[in-house]
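The values are calculated or read from the model by the stated rules, or taken from the named source; none is laboratory data. In this text, all values refer to a predicted model and were calculated from it rather than measured experimentally. Cβ coordinates were reconstructed from backbone atoms using ideal geometry, including for glycine residues, and neighbour counts include every protein chain displayed.
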Amino acid sequence: MVSYIIRRLLMLIPVLIGMSIIVFSIIHAIPGDPAETILGDKATEESKEALREELGLNDPVHVQYLNYMTRLLQGDLGNSIRTNVPISEEIGPYLAATLELTLVSMAIAVFVGVNAGIISAWKQNSWFDYTSMIFALVGVSMPIFWLGLMEQWIFALELKWLPSLGRMNARDPVEAVTHLYIIDALIAGRPDQAWTVIKHLILPGIALGTIPMAIIARMTRSSMLEVMRSDYIRTARAKGLNQLPVVYKHAFKNALIPVVTVIGLQTGLLLGGAVLTETIFAWPGVGRYIFEAISFRDYPVIQSGILVIAVIFVLINLIVDLLYALIDPRINYR
Amino acid sequence: MKKRWMFSALSLLLAASLGLTGCGSSSQTPDASKPQENAQPAESGKPAQDTLIVGRGGDSAALDPAVVTDGESIKITQQVFDTLLDYKPGTTDVEPSLAESWEMSEDGLKYTFKLRQGVKFHDGTDFNADAVVHNFNRWLAGDKSQFYYFVSAFGTAEDRVIKEVKAIDANTVEFTLNKTQAPFLRNLAMPAFGIASPKALEEKGEKFKEEPVGTGAFVFKEWKRNDSITLEKNPNYWNEGFPKVNKVIVRSIPENSARFTALQAGELDLIEGVNPDDLAALEGNADLQKFVRPAFNVGYLGFNAKKPPFDNPKVRVALSHAVNKEALISAFYGGLAEPAKNPMPPSLFGYNDAIEDYPYDLEKAKALLAEAGYPNGIEEELVFYAMPVARPYMPDGKKVAEALQAEFAKIGVKTKIESPEWAVYLEDAKKGEKDHIFMLGWTGDNGDADNFLFTLLSKDTIGSNNYSQWAHDEYSKLVAEAQGELDEAKRIDLYKKAQEIFKQEAPWVPLVHSTPLLAGRANVKGYVPSPTGSESYEAVYFE
């Protein structure tokens, strides 16, 4: 097992290098001159040239890449062109904000998705099965952007149940310590504010969680159906065992592998969807950070932002692989 | 238990999908006529009358006014810093601020400023002549990459307007100039020249741009990047009775419609960047009010005057008659622009309102073309450069170009629209080799006519900002003379004459001066948007 984990970790190295090359080359294909974007239309040619020189944009791309990697290995993500602050200092709060949002979305998605899938399989061809699968279909094809705006309109503007954007009550903020605001509010001894933070999380959480929720529900259902048809479940049911334990304990455990895979993949994909959700809900996360950086051609931030997300994606995949081992001892590690 | 949870989640989904079906038939804007009793956000128990929450599209880059070039940064520094002189609210006229009065020497080379007494920086240190000298010396020692606006307003080290800044006594500062500069006082009023605390500059160093210290109406409190900037009332503010609110929170919300929704829900008090599409909902909602920023820009159609057929002024005038500005404004600007007849906005001094614009008249246009020697229109297919990016003065260049292309076709002028990438576009237009017709625009830097009439149209600026390559000797002489002329009345006269020549020669068709739309809660009072794009919130209060 340990050697498996080590081997699995070593395999990450070529993956990460490949990823960094891809990210680096894509970013250099973005049209537009960063010097022009930074200094504005009115800048003179000399000042733009001086800035390009200073930013190293005149070097050949492979030199820029090598310089970047050398610094990266020393833990230096570079400085933001726009704010001139080291990205490693800047990115922390954004990561925390995205983490908080992603965890909540995934919790909603997994909870609703898995249960809807199990019950749909259990009560196959019932009205519940049909409705939830129709919703899953709608959910998969729902544009996040549109869903977010609709949520804001219905739940914030018309019903006034929930705040439409931001992370906490702007009029009465709590000091950021961990930048996970639920925890920060509790540290500050403000359960009322923690509740406000939770309310702020609900709409973006649903917007971000809807697609994975639908996918998880469908995956769980089909995986469950397969297991439920197997002999041992039929036997268990025939023995007169209570229905619910059979479904949740015996069947679900064996249906779990594909579901975990999907959950892992979707968690990674969430980070991509976060760009849209964070923009609509003014959520100051990594998605927003990259979005703003793109509009300012802030190359180092785009690079590092995407790279950080990619690393998280790879790590999630690693965790999923390791989870298989726990779930299903039959999986062979050689 | 789990089941019940699931049902509630599913019903939420259902509610969302109901919105989907409803959306097909009705518009997305909420029913604005419905009275909304609960205007305050659900989470704040009592009405927050002492905190102003402003929503805008993007975050600031840095908060040291001297180093930034973007409007979003200036919007904050405007609150934290004072300049020696300021613009009167809603205009670009100069009024006293940290300098109470000033005198200019006969030859225009010495300015003496009497400073306001008893003013303190937010860190408790005194504002005085030494502080002013310290700030100007800091800028004089820097170059364009450090202090962009200082260098563009007062020249590079080799060719500088300001020679020396000296403290005469604690409350008197004397500026010695190398040469006269008519817009000198207007330049000093630019927010970029906010006076910073010398002590804080020294102690904070690089950190100063994140923790600014000035003398302004509001004290910088906290900056959560891409989220919000919090400012608090300066209790020792020199302008007695101001600011009216205790706290200002400026939030970054990129999505225009999300910002508008939050305003309607009462989570924001004031927002910038309202979509023209939301104008009807805004005007129909009694809880909201509309603000319009005075026009401070010009969007124009330029003719490349060094290439035939546009080397002939008659052809340029002919095409001017083929542009229907009102139609463009209602189709592409949502009505939020004024038709332009001069190359500068009417809010600037020296604007010649006596000028009569060329009416939209296709028959007249054809007749003029015939007079110019093109009775059957122009054979050659002309290259029409359409802006590939959106700007406040040109929301959708390609569509505007297509509309104009159709008009020009009616008078026998065939055009081919090209829209290269923005950097290439600017470079090509600067050289004037490829295009016949192009579109561009300009937003004023300092509230002076010189910044439009000289910068964009003098023959001396061909190769930089005179993209129409129009070299008119008399016009260029007038605007150059106006630049050095210190007698205000004479300057105005020179600019009015220049605008007459511009109209006769028609190197451009000035299209629009766009007026950005803002919105606020109905109880927000005392807010006056500035043409320059940033204004102080010190006079804002709630009713």
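Which one of the conditions (1) at the interface with chain B (Cβ under 9 Å from one of its Cβ atoms); (2) touching a residue at least 40 places away in the same chain (Cβ under 8 Å) does residue A:173 fail to meet, given that it meets all the rest?
Exception for residue A:173: condition (2).
Can you give me the number of residues within the range B:315-337 that are free of Cβ contacts under 8 Å to residues at least 24 places away in the same chain and crowded, with 21+ Cβ neighbours inside 10 Å?
Adding up the residues that qualify gives 0.
Tell me the residue from B:95, B:100 that is closer than 18 Å to residue B:133 by Cα, touching a strand residue (DSSP E or B) at 6+ places or on another chain (Cβ under 6 Å) and surrounded by fewer than 16 Cβ atoms within 10 Å (Cβ to Cβ), please.
B:100
Hey, any hits in the range B:523-534 for a residue that's assigned to a strand (DSSP E or B), touching a helix residue (DSSP H, G or I) at 6+ places or on another chain (Cβ under 8 Å) and touching a residue at least 24 places away in the same chain (Cβ under 8 Å)?
no
Would you list the strands (runs of 3 or more DSSP E) that sit entirely within the range B:375-493 and hold 1 or more residues that are within 21 Å of residue B:310 (Cα to Cα), assigned by the TED database to the domain that holds residue B:309 and within 25 Å of the chain's Cα centre (by Cα)?
Answer list for the range B:375-493: B:378-385, B:437-443.
Table: residues versus (1) charged (D, E, K, R); (2) surrounded by fewer than 23 Cβ atoms within 10 Å (Cβ to Cβ); (3) in contact with a His (Cβ under 9 Å, 6 or more places away or on another chain); (4) under 20 Å from residue B:541 (Cα atoms).
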residue	(1), (2), (3), (4)
B:275	no, yes, no, no
B:298	no, no, yes, no
B:306	yes, yes, no, no
B:313	no, yes, no, no
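Mind listing just one residue for me: the one in the range B:47-63 that is charged (D, E, K, R) and surrounded by fewer than 24 Cβ atoms within 10 Å (Cβ to Cβ) and, of those, nearest to the chain's Cα centre (by Cα)?
B:56
For the structure I just gave you, tell me whether residue A:313 is at pLDDT 80 or above and either among the aliphatic types (A, V, I, L, M) or over 20 Å from residue B:259 (Cβ atoms) (or both).
Yes, satisfied.
For residue A:109, indicate whether it is touching a helix residue (DSSP H, G or I) at 6+ places or on another chain (Cβ under 6 Å) and at pLDDT 80 or above.
Yes; evaluated as a whole, the condition is true for this residue.
For residues that are more than 11 Å from every other protein chain (Cβ to nearest Cβ) and assigned to a loop (DSSP other than H, G, I, E, B), tally how many sit in the range A:68-100.
Going through the range A:68-100 one residue at a time, the tally reaches 5.
If the requirement is being at pLDDT below 85 and within 30 Å of residue A:57 (Cβ to Cβ), which of these qualifies: A:238, A:274, A:251, A:325?
A:274
Go through the residues of the range B:131-142 one by one and say whether even a single one is of a type in the set (Gly, Ala, Ser) and at pLDDT below 95.
Looking for residues that are of a type in the set (Gly, Ala, Ser) and at pLDDT below 95, one finds at least one in the range B:131-142, hence yes.
Would a scan of the range A:101-121 turn up a residue that is at the interface with chain B (Cβ under 8 Å from one of its Cβ atoms), under 21 Å from the mean Cα position of the chain (by Cα), surrounded by 15 or more Cβ atoms within 10 Å (Cβ to Cβ) and within 24 Å of residue B:224 (Cβ to Cβ)?
no
Please report, ordered by residue number, the helices (runs of 4 or more DSSP H) entirely within the range A:190-304 with at least 2 residues that are touching a Pro at 6+ places or on another chain (Cβ under 9 Å) and closer than 30 Å to residue A:29 by Cα.
A:252-280, A:286-295
Collect the residues in the range B:317-326 that are in a helix (DSSP H, G or I) and not polar (S, T, N, Q), keeping them in residue-number order.
The answer is B:317, B:318, B:319, B:325, B:326.
Filter the range B:432-465 down to the residues that are of a type in the set (A, V, I, L, M) and more than 16 Å from residue B:385 (Cβ to Cβ) and list them by number.
Residues satisfying the conditions are B:449, B:453, B:456, B:457, B:462.
Need the failing condition index for residue A:269 against (1) under 25 Å from residue A:313 (Cα atoms); (2) of a type outside the set (S, T, N, Q); (3) crowded, with 17+ Cβ neighbours inside 10 Å, just the number.
Only one criterion is unmet by residue A:269, namely (3).
Could you look through the range B:212-258, keep only residues that are within 11 Å of chain A (Cβ to nearest Cβ) and of a type in the set (Gly, Ala, Ser), and pick out the one that is farthest from residue B:202 (Cα to Cα)?
Looking at residues that are within 11 Å of chain A (Cβ to nearest Cβ) and of a type in the set (Gly, Ala, Ser), I get B:257.
Would the range B:217-233 turn up any residue that is without any contact (Cβ under 8 Å) to a residue 12 or more places away in the chain and out of contact with any Leu (no Cβ under 8 Å at 6 or more places or on another chain)?
yes
Give me a count of the residues in the range A:16-53 that are acidic (Asp, Glu), surrounded by fewer than 17 Cβ atoms within 10 Å (Cβ to Cβ) and either modelled with pLDDT under 75 or touching a Ser or Thr at 6+ places or on another chain (Cβ under 6 Å) (or both).
The number of residues fulfilling the criteria is 3.
State all residues of the range A:218-227 that are of a type outside the set (Lys, Arg), crowded, with 21+ Cβ neighbours inside 10 Å and under 17 Å from residue A:123 (Cβ atoms); if no residue qualifies, say none.
Within the range A:218-227, A:220, A:223, A:224 qualify.
Does residue B:370 count as of a type in the set (Gly, Ala, Ser) and under 16 Å from residue B:510 (Cα atoms)?
It is false that residue B:370 is of a type in the set (Gly, Ala, Ser) and under 16 Å from residue B:510 (Cα atoms).
Based on what the data block shows, is residue B:155 among the small types (Gly, Ala, Ser) and in contact (Cβ under 8 Å) with a residue 60 or more places away in the chain?
no
Please determine whether any residue of the range A:261-274 is touching a strand residue (DSSP E or B) at 6+ places or on another chain (Cβ under 8 Å) and within 26 Å of residue B:251 (Cα to Cα).
Checked against the condition, which is being touching a strand residue (DSSP E or B) at 6+ places or on another chain (Cβ under 8 Å) and within 26 Å of residue B:251 (Cα to Cα), the range A:261-274 yields no hits at all.
Residues of the range B:494-535 being of a type in the set (Lys, Arg), outside the structural domain of residue B:368 (by the TED database) and touching a Gly at 6+ places or on another chain (Cβ under 9 Å), which ones?
Across the range B:494-535, the qualifying residue is only B:521.
For (1) among the β-branched types (Val, Ile, Thr); (2) in the same structural domain as residue B:510 (by the TED database); (3) not in a strand (DSSP E or B), each residue gets a yes or a no:
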{"site": "B:301", "(1), (2), (3)": "no, yes, no"}
{"site": "B:315", "(1), (2), (3)": "yes, yes, yes"}
{"site": "B:328", "(1), (2), (3)": "no, yes, yes"}
{"site": "B:349", "(1), (2), (3)": "no, yes, yes"}
{"site": "B:352", "(1), (2), (3)": "no, yes, yes"}
